[in-house]
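J.: The structure's right below; bear with me while I get my questions together.
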C-alpha cells in the first residue's frame, strides 16, 4: 500500500489495453468524427459555433501532417487549438 502522496505518470500507450485508440488510429478517429459532424451539420461544431471553414482547414492540415499526435500538431498550429481541444 502507498502511504505517501504519489503521482504516477503514464505514457500515452497505457490506455491501449482498455480499448482507447492511440497514435494514427486516434488521428483517423478525430478526422472522421469532425468530417461526420460537418457532413451531417450536427454535433459540437454547431453547439460551440465553430467556423466550419476553419474545421475543414483543420481536417485537411491534420490529415496531411506527419504528426500522429493531436498535441504535437496543435503545438505547431495554434490557430486550431479550440478545435483540437474540443475533441
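J.: What single numbered condition from (1) modelled with pLDDT under 90; (2) closer than 18 Å to residue 85 by Cα; (3) within 17 Å of the chain's Cα centre (by Cα) fails to hold for residue 58?
T.: Going through (1) modelled with pLDDT under 90; (2) closer than 18 Å to residue 85 by Cα; (3) within 17 Å of the chain's Cα centre (by Cα) one by one, residue 58 breaks only (1).
J.: Filter the stretch 67-78 down to the residues that are touching a helix residue (DSSP H, G or I) at 6+ places or on another chain (Cβ under 9 Å), surrounded by 12 or more Cβ atoms within 10 Å (Cβ to Cβ) and assigned to a helix (DSSP H, G or I) and list them by number.
T.: 70, 73, 74
J.: Just to be sure, is residue 57 out of contact with any helix residue (DSSP H, G or I) (no Cβ under 9 Å at 6 or more places or on another chain) and either farther than 21 Å from residue 11 by Cα or in a helix (DSSP H, G or I) (or both)?
T.: no
J.: Further question on the same structure: Within the stretch 55-66, which residues are farther than 21 Å from residue 22 by Cα and exposed (fewer than 14 other Cβ atoms within 10 Å of the Cβ)?
T.: Correct list: 56 only.
J.: Given the condition part of a helix (DSSP H, G or I), exposed (fewer than 14 other Cβ atoms within 10 Å of the Cβ) and modelled with pLDDT of 90 or more, answer yes or no: does some residue in the stretch 9-24 qualify?
T.: no
J.: Now a separate question. Quick one: in the stretch 30-50, which of the residues that are farther than 13 Å from residue 86 by Cα and not in a helix (DSSP H, G or I) is modelled with the lowest pLDDT?
T.: Within the stretch 30-50, the match that is modelled with the lowest pLDDT is 42.
The values are calculated or read from the model by the stated rules, or taken from the named source; none is laboratory data. Just so it is clear, the structure is predicted and the values come from calculations on it, not from any experiment. Methodologically, a virtual Cβ is constructed for each residue, glycine included, from the backbone with ideal geometry; neighbour enumeration extends over all protein chains shown.
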